[in-house]
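Everything below concerns the one structure shown next.
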Amino acid sequence: MTQRPLPLPDGFHVGPLFVIRKQRMPVRPKGKEGIVHRAQTRRATPPWLTAEQRQQIARAYAQARRLTRWTGELYVVDHIVPKMGKTVCGLHAPWNLRVVHWRENAAKGAFTWPDMWNEQLELL
């Protein structure tokens with residue numbers, strides 16, 4: 001037997017449509033999805049990167065974690081040229097990384113990057 005919500009003084013009651021739910025931030029991939037993501041990142045990382053460039057990558061991820069802690073919203077490291085796009089594959093290198101809010105990264109997806117080959121077609 002389910003409990004019915006108590007009516008409020010003005011005659012309205014809190015039903016399932018009025019329940020306030022906290023919006024959850026997306027979480028970083030775990031399990032099989034995380035394993036696939038890390039394997040893609042390993043394949044996209046050039047072996048000729050210097051130690052300083054590898055430290056720059058680590059600093060970008062540290063900055064994303066720091067911004068997430070400070071603001072309470074998820075910040076992620078975005079590949080400017082997508083790591084696994086349909087028409088292009090970018091490198092996992094410091095010059096291809098930036099720290100952005102997760103929504104901006106999700107909206108961009110693997111569909112856009114600077115100087116796209118078909119960017120000029122949209123202007124016609």
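Quick note: the coordinates plus some simple rules give every number you see, no bench work behind them. Note that the structure is a prediction, hence the values are computed from the model and not measured. Note that we place each Cβ from the backbone using ideal geometry, even for glycine, and neighbour counts take in every protein chain shown.
With label points built 7 Å along Cα→Cβ from the Cα atoms of ARG103 and TYR61, find their separation and express it in nm. Those two pseudo-labels are separated by 2.7 nm. Taking amide H positions as modeled 1.01 Å from N, with prolines and chain starts lacking one, the residues under 5 Å from MET84 and 5 or more places away or on another chain are GLY90.
How much length would be gained if the chain were fully extended between LYS32 and THR87, taking 0.36 nm per residue of separation minus their Cα-Cα distance, in nm to one decimal?
Numbers: separation 55, 0.36 × 55 = 19.80 nm, distance 2.48 nm.
Going from the current span to full extension adds 17.3 nm.
Full extension of the chain segment joining THR41 with ARG54 gains 3.4 nm, where the gain is 0.36 nm per residue of separation less the Cα-Cα distance.
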